[in-house]
Amino acid sequence: MEEERANRLQKLAPDDAWLSCELRRAMYGPPLLQEQLYTTMIIDSMAVTKEDVNTLKNDWLTDNVICFWEEYLEREFLTAYKNSKIVLLRPSMSMMLSVTPDHAISTIKDVLPTFNGITHAFLPINDCTNPNQAEGGTHWSLLLVSIVDGVAFHYDSLPPGNEHEAANTTHKLSRLVNKPIRFIQLRDSPQQENSSDCGVFVCLNMRHLLLKRLLQVHTNEKVSMSLGGRRVDAREGRKEMFRTIEGFRKEGERRRSMSESPHPGRSSKSPPRIDSPIGSVPSSPRRKS
């Protein structure tokens, strides 16, 4: 395992750091063909391809899967907490922030969520440094920034991994919100046992920190951000994420089928028939001869 960790940076993972579907299409070509999509409109404009879903078997996760997971957490859980001021930045947003020069930080404000009043931000971190590379990077990690406390926590399942990239992103975010933010590399983060589970750790740790820590405390309460001793079951996590996506896919198919039917709400497309008041059609009266 130690040799595998040492060689991690030498092993390319082409599926690990795809730019988001929106940014990738804008930079590298026209939208995907309909037949290429595994499902469309899973949650609003979020589209996941069959290739994305296949990475959930045992491969490096694409950023579309991570993006879907963030959408899922927002819509299914975060929206229930009306007073929360937490944002989940998409992988493309984190990358845009990390590669933008200090002097140009103000130019990307319009394409990022507003941070006015935001207390915490989750950022998936990738070690790809070339924004012109459609497929790049070797590793995912998670950055949780407590803007209100001026501190950023980095969770890396394969250290030292993305420590430099996370620290750099923290610096850029500090410039963006015009507030000093201290960077902390958490050495007790749960560790993966192979070279492909980093994206799964990001998703599961994000959910745990959001639902079990940040959203479970009252205002002004202190909460520990350490994940020391926490066990992450990546294999079961992959299955759960697949089931979640599959559930939305089936629901989307059902809704599309209903909307395309000329008789919404009816399983049959045959026109309705009218029954006789007495249950049968009376025979014609006989004519007298």
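When Rg and Dmax are taken over the Cα atoms of the range 200-252, they come to 14.1, 42 Å.
Other residues with beta-carbon under 15 Å from the beta-carbon of T119 carry, at +1 per Lys or Arg and -1 per Asp or Glu, a net charge of +3. Pairs exceeding a 23 Å alpha-carbon distance, out of K50/K85; K50/K82; K109/K179; K82/K172; K179/K212: K50/K85; K50/K82; K82/K172; K179/K212. Taken over the Cα atoms of the range 132-243, the convex hull encloses 131 Å³ per residue. Each Lys and Arg Cβ is given +1 and each Asp and Glu Cβ -1; about its Cα centre, the range 137-190 then shows a dipole of about 260 debye. Length available on full extension from D188 to A167: 0.36 nm per residue minus the Cα-Cα distance, which gives 5.8 nm. Taking the average, over residues, of other Cβ atoms within 10 Å as the packing measure, peptides 221-230, 49-58 rank 49-58, 221-230 from highest down. I want to make sure I understand the PRE zone here: with the label point 7 angstrom from the Cα of L215 toward its beta carbon, which residues in the range 57-96 have backbone N atoms less than 16 Å away? Of the residues in the range 57-96, 68-89 have backbone N under 16 Å from the label point off L215.
With each label modelled as a point 7 angstrom along the Cα→C-beta vector, the R230-E246 pair spans 2.6 nm. Taking every DSSP beta bridge that has both residues in the range 97-194, what percent is antiparallel when rounded to the nearest 5? If we restrict to bridges inside the range 97-194, about 75 percent are antiparallel.
Read-outs throughout are calculated quantities, based only on the coordinates presented, and are distinct from any laboratory measurement. Keep in mind it's a predicted model, so treat the numbers as computed, not measured. Every residue, glycine as well, gets a Cβ built from its backbone with ideal geometry; the counts of neighbours run over all protein chains shown.
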